[in-house]
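S.K.: Take a look at the following structure, please.
The values are calculated or read from the model by the stated rules, or taken from the named source; none is laboratory data. Quick caveat: nothing in here was measured; it's all calculated off a predicted structure. Note: ideal-geometry Cβ built from the backbone for every residue, glycine included; neighbour counts use all protein chains shown. Note: areas computed on protein heavy atoms with side chains; ligands, DNA, RNA excluded. Shrake-Rupley method; radii C 1.70, N 1.55, O 1.52, S 1.80 Å.
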Amino acid sequence: TLTQNEMIFKRLHLGTVSYGADTMDEIQSHVRDSYSQMQSQAGGSNAGSTPPRKAQSSAPKVRKSVSSRIHEAVKAIVLCHNVTPVYESRAGVTGETEFAEADQDFSDENRTYQASSPDEVALVQWTESVGLTLVSRDLTSMQLKTPSGQVLSFCILQLFPFTSESKRMGIIVRDESTAEITFYMKGADVAMSPIVQYNDWLEEECGNMAREGLRTLVVAKKALTEEQYQDFESRYTQAKLSMHDRALKVAAVVESLEREMELLCLTGVEDQLQADVRPTLEMLRNAGIKIWMLTGDKLETATCIAKSSHLVSRTQDIHIFRQVTSRGEAHLELNAFRRKHDCALVISGDSLEVCLKYYEHEFVELACQCPAVVCCRCSPTQKAHIVTLLQQHTGRRTCAIGDGGNDVSMIQAADCGIGIEGKEGKQASLAADFSIRQFRHIGRLLMVHGRNSYKRSAALGQFVMHRGLIISTMQAVFSSVFYFASVPLYQGFLMVGYATIYTMFPVFSLVLDQDVKPEMAMLYPELYKDLTKGRSLSFKTFLIWVFISIYQGGILMYGALVLFESEFVHVVAISFTALILTELLMVALTVRTWHWLMVVAEFLSLGCYVSSLAFLNEYFDVAFITTVAFLWKVSAITVVSCLPLYVLKYLRRKLSPPSYCKLAS
Ligand SMILES: Nc1ncnc2c1ncn2[C@@H]1O[C@H](COP(=O)(O)OP(=O)(O)OP(=O)(O)O)[C@@H](O)[C@H]1O
Ligand SMILES: [Mg+2]
C-alpha cells in the first residue's frame with residue numbers, strides 16, 4: 001500500500017553466485033549460449049536417427065555448470081506464473097483484428113503483460129530482457145521465444161494458483177519438443193523452505209535481500225516422469241471430485257507432490273515507495289492517528305519499508321518479536337517487550353496468532369502503547385482480525401487502507417475502508433468506502449474532506465432537529481395555554497412554507513460551511529485531534545440544541561401571547577414572523593465562514609417570506625402587519641430569543657476559543 005507496485009527485477013541468486021543489475025548481461029549471454037547450443041545439438045541429432053530427447057539427456061550430468069543453472073532458473077521464472085501477454089494490435093485500429101490474430105504477430109513493441117500480481121509481471125519482463133520471451137499464453141499452453149528467434153511450446157497440464165494463505169503457486173508443464181514434464185513452483189521463503197531440498201544458503205540470502213528492501217521469491221522445480229504425472233493426475237481428479245473435505249483432500253494431493261524439490265534460484269524484486277509517503281505518515285501521526293502496518297511481506301522487507309517510510313524513525317528502537325509457538329514462549333516475549341519503552345514493534349503473523357490466543361488483552365494493550373506496529377506475513381483474515389480486535393479493545397474508530405485483493409477483508413472490517421486503485425487491480429477500491437489513487441491523497445481526504453464532512457453533518461443534523469423542535473415547542477406551549485385544546489397554531493401554507501421555502505435554503509447552505517481553510521487544515525494536522533474526541537455531535541451537543549429549541553420556542557410563543565393583541569391572527573403573525581427571523585439568525589450564528597451562497601440563501605428566504613406576505617391574507621391581517629407595533633413586537637421577541645445565544649457564543653470565543661481560532665489569529 002505504501003509502495004508503487006511498480007516492481008523492478010533487481011537480483012537473482014543461485015546459491016553460489018548472485019547477479020545484480022550490473023551483471024544482467026552475463027545472464028543474457030549465458031541464456032543465449034545455452035539456446036544456441038541446444039539448437040545445434042538438436043540440429044545435429046535431427047540429422048541422425050536419435051530423437052532429440054536422447055541428445056539432451058546424454059549431456060554430462062555430473063556437476064551442473066553455472067550456465068545450465070542459469071538457464072534452468074530463467075526457464076523456471078518464465079514458465080511459473082499467471083501472466084498473459086497481450087498485444088495492442090495495430091490492426092485493431094484499422095478494424096482487422098481477426099487478421100492480426102491469425103497472423104500471430106508477436107512483435108515486441110506492442111506487447112504488454114497482464115497479471116493480477118505485479119511481482120510476476122516484473123519477473124516475466126526481466127526474462128524478456130535477458131532473451132527468453134513469453135510470447136503467448138492461453139489456458140493450456142505457453143509459447144516462449146528464444147534469443148535466436150525459435151519458438152518453444154509448452155503445454156500447461158496443471159496450474160495451482162497463488163493464494164495469500166499458501167503464499168506460493170505452482171505449475172506443471174510439458175515441453176512439447178521433448179515431452180519432459182516439469183513441476184515448477186515459486187513462493188515466499190517460509191512456504192518454500194520446507195519443500196525444497198536441503199541447502200545452506202537460502203535463509204541467509206533471503207534475509208540479506210530482504211534487508212535491502214527487496215521482495216524475495218524462491219523458485220524450485222521437480223522433474224516428473226510420465227508415470228508419476230499420471231499417478232498424480234488421477235489422484236488429483238479424484239480429490240477434486242470428492243464430496244467431503246474437498247479442499248483438504250486436494251491440498252493433501254498437491255502437497256504430496258511438493259516434496260524434495262530442486263531449489264533453482266532466489267529472486268529479488270524492488271518495489272519503491274510511493275511519492276510523499278513520508279510526509280503523509282508524518283501528518284497522520286501529528287493528527288493523533290495511530291498507524292499499524294499490516295503486510296504479507298517478509299519481516300525484513302517490512303522492517304526496511306517501515307524504516308524508509310519513516311513509519312519508524314531512524315533513531316527509534318525496534319523490538320522484533322521473536323518467533324513464538326507456545327504459551328510459555330509468548331509469555332516470555334511479552335514480558336521482554338513490556339520492559340521496553342517507546343519502541344516500535346515488529347511481529348510476524350504466526351507469533352501474533354499465538355499471542356492473541358493466550359494473551360489477547362495484554363498484547364493489545366501493550367501494542368497500543370507503541371508508537372508504531374508492523375505485522376508481517378499476515379494473511380488476509382489475520383488483517384481483518386487485527387482490525388476488529390482493535391475496535392473491540394480500544395473502542396476507537398479504525399480506518400483500513402489497502403490496495404490489493406488481500407486487503408479486502410480488512411477494508412470491510414474497518415469502520416472506514418479506503419482502497420487504492422492501481423496496479424494490483426480494483427478489488428480493494430471496489431470494496432472500500434472511499435477510493436483514492438495514491439497513498440498521499442489520504443492526507444487531504446482525512447484532514448480536509450473528513451473534517452468538513454464531520455463538522456457539516458453535525459451542524460446540519462442538529463439544525464434540522466432544531467428547526468423541527470422549535471415549532472413543536474411553540475405548538476405545545478400554545479395548546480397548554482388554551483387548556484390543551486387541539487387547535488393548530490399554524491395551518492395550511494404556513495406549515496408547508498416553514499418546512500420548505502422559508503427556512504430550507506439557509507439550513508441546507510450549512511453544508512458549505514467550513515471552520516478552517518483547507519490549507520490550514522493541511523498545514524496543522526494537529527487540528528484533527530479535536531475531531532477525534534467526537535465533540536461536535538454527542539449527547540451533550542444534542543441536549544444543548546434541545547435546550548435551545550425549547551428556550552426559543554417558549555420565548556417566541558409566550559412573547560407573542562404576552563404582547564397579545566385582541567385577535568388571534570395577530571398572535572400568529574407575530575410569532576410566525578419572529579420564528580422565521582430566529583431561524584435565519586440562528587443559521588447566521590452557526591456559520592463559521594461565510595460563503596456567498598449562504599448570504600444569497602439568507603436573503604432569498606427573507607425575500608420569499610416578505611413577498612409571500614402579500615398572499616397570506618388568509619392567515620394574517622395585512623393591515624396589522626404594516627403597523628409599527630407589529631414591527632417592534634416582532635423585533636423584541638426575536639432579540640430576546642436570539643441575543644442570549646450570540647452573547648454566549650461571544651463569551652465562549654473569548655474565554656475558551658476552539659483551536660482553529662487560535663490559528664486564524
Ligand atoms: N504470484 C506469486 N507467486 C508466488 N508467491 C507470491 C506471489 N505473490 C506473492 N507471493 C508471496 O506471497 C507472500 C504474501 O503475499 P500477499 O499478497 O499476501 O502479501 P504482499 O503482497 O507481500 O504484501 P501486501 O500485504 O503489502 O500486499 C509475498 O510476500 C510473496 O513472498
Ligand atoms: Mg500484495
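S.K.: Considering (1) within 16 Å of ligand 2 (Cβ to nearest atom); (2) modelled with pLDDT under 95, say which one residue 490 fails and leave the rest.
M.R.: The failed condition is (1).
S.K.: Please return the ranges of helices (runs of 4 or more DSSP H) entirely within the stretch 500-592 where 1 or more residues are modelled with pLDDT of 90 or more and over 14 Å from residue 464 (Cα atoms). Please lay out each step first, then the result.
M.R.: Working: elements: 504-508, 518-523, 527-532, 539-562, 568-590.
Counting at least 1 such residues, we get 518-523, 527-532, 539-562, 568-590.
S.K.: Could you grab the pairs with beta carbons closer than 6 Å, sequence gap of 6+ or different chains, first residue in the stretch 391-418 and among the charged types (D, E, K, R), second one assigned to a helix (DSSP H, G or I) and within 16 Å of ligand 1 (Cβ to nearest atom)?
M.R.: Listed by first residue and then by second, the contacts come to 403/428; 407/428.
S.K.: What single numbered condition from (1) more than 16 Å from ligand 2 (Cβ to nearest atom); (2) touching a helix residue (DSSP H, G or I) at 6+ places or on another chain (Cβ under 9 Å); (3) open to solvent by 10 Å² or more (accessible area, probe 1.4 Å); (4) β-branched (Val, Ile, Thr) fails to hold for residue 295?
M.R.: (1)
S.K.: Listed residues 259, 322, 339; which is over 33 Å from the mean Cα position of the chain (by Cα) and either over 30 Å from residue 171 (Cα atoms) or within 16 Å of ligand 2 (Cβ to nearest atom) (or both)?
M.R.: On the way: 259 fails: either over 30 Å from residue 171 (Cα atoms) or within 16 Å of ligand 2 (Cβ to nearest atom) (or both); 322 fails: over 33 Å from the mean Cα position of the chain (by Cα).
Result of the check over 259, 322, 339: 339.
S.K.: Has the stretch 108-119 got at least one residue that is over 33 Å from the mean Cα position of the chain (by Cα) and either modelled with pLDDT of 85 or more or open to solvent by 60 Å² or more (accessible area, probe 1.4 Å) (or both)? Please lay out each step first, then the result.
M.R.: To start, the set of residues in the stretch 108-119 that are over 33 Å from the mean Cα position of the chain (by Cα) comprises 108-109.
Next cut, either modelled with pLDDT of 85 or more or open to solvent by 60 Å² or more (accessible area, probe 1.4 Å) (or both) only: 108-109.
Yes - at least one qualifying residue is present in the stretch 108-119.
S.K.: Only strands (runs of 3 or more DSSP E) wholly contained in the stretch 144-194 count here; list those with 2 or more residues that are open to solvent by 30 Å² or more (accessible area, probe 1.4 Å), away from ligand 2 (no atom under 16 Å from the Cβ) and under 14 Å from residue 254 (Cα atoms). Walk me through it before giving the result.
M.R.: Details: elements: 151-160, 168-175, 181-187.
Here the list reads 151-160.
S.K.: Can you tell me which residue among 449, 385 is out of contact with any helix residue (DSSP H, G or I) (no Cβ under 6 Å at 6 or more places or on another chain) and either farther than 30 Å from residue 541 by Cβ or within 16 Å of ligand 1 (Cβ to nearest atom) (or both)?
M.R.: 385
S.K.: Any chance the stretch 366-373 includes a residue that's more than 16 Å from ligand 2 (Cβ to nearest atom), assigned to a strand (DSSP E or B) and crowded, with 17+ Cβ neighbours inside 10 Å? Lay out the reasoning, then the answer.
M.R.: Initial filter on the stretch 366-373 (more than 16 Å from ligand 2 (Cβ to nearest atom)): 366-373.
From what is left, the residues that are assigned to a strand (DSSP E or B) are 373.
Next, only the ones that are crowded, with 17+ Cβ neighbours inside 10 Å stay: 373.
Scanning the stretch 366-373, I find at least one residue that is more than 16 Å from ligand 2 (Cβ to nearest atom), assigned to a strand (DSSP E or B) and crowded, with 17+ Cβ neighbours inside 10 Å, so the answer is yes.
S.K.: Determine whether the stretch 236-244 contains at least one residue that is more than 13 Å from ligand 1 (Cβ to nearest atom), open to solvent by 20 Å² or more (accessible area, probe 1.4 Å) and at positive phi.
M.R.: No: zero hits.
S.K.: Taking the stretch 378-415, which residues are within 13 Å of ligand 2 (Cβ to nearest atom) and touching a Cys at 6+ places or on another chain (Cβ under 6 Å)?
M.R.: Of everything in the stretch 378-415, nothing turns out to be within 13 Å of ligand 2 (Cβ to nearest atom) and touching a Cys at 6+ places or on another chain (Cβ under 6 Å).
S.K.: Test residue 395 against the stated conditions and say whether it is buried (at least 17 other Cβ atoms within 10 Å of the Cβ) and either more than 15 Å from ligand 1 (Cβ to nearest atom) or under 30 Å from residue 533 (Cα atoms) (or both). Before the answer, list the steps.
M.R.: Details: buried (at least 17 other Cβ atoms within 10 Å of the Cβ): no; either more than 15 Å from ligand 1 (Cβ to nearest atom) or under 30 Å from residue 533 (Cα atoms) (or both): yes.
Taking the combined requirement at face value, the residue does not satisfy it.
S.K.: Identify all residues within the stretch 618-665 that are farther than 30 Å from residue 517 by Cβ and polar (S, T, N, Q); write none if there are none.
M.R.: 626, 627, 635, 638, 641
S.K.: In the stretch 1-83, which helices (runs of 4 or more DSSP H) lie fully inside it and hold 1 or more residues that are at pLDDT below 85 and open to solvent by 60 Å² or more (accessible area, probe 1.4 Å)?
M.R.: Details: elements: 24-47, 52-57, 66-79.
The helices (runs of 4 or more DSSP H) meeting that bar are 24-47, 52-57.
S.K.: Moving on. Run down 169, 209, 185 and say which single residue is within 15 Å of ligand 1 (Cβ to nearest atom), assigned by TED's automatic domain parsing to the domain that holds residue 84 and more than 21 Å from residue 84 (Cβ to Cβ).
M.R.: The match here is 209.
S.K.: Return the residues of the stretch 298-340 that are without any contact (Cβ under 8 Å) to a residue 40 or more places away in the chain, open to solvent by 30 Å² or more (accessible area, probe 1.4 Å) and out of contact with any helix residue (DSSP H, G or I) (no Cβ under 8 Å at 6 or more places or on another chain); say none if nothing qualifies.
M.R.: 307, 313, 315, 317, 328, 332, 335, 339, 340
S.K.: Would you check which residues across the stretch 193-202 are without any contact (Cβ under 8 Å) to a residue 60 or more places away in the chain and either outside the structural domain of residue 169 (by TED's automatic domain parsing) or within 14 Å of ligand 1 (Cβ to nearest atom) (or both) and list them?
M.R.: Residue satisfying the conditions is 193 alone.
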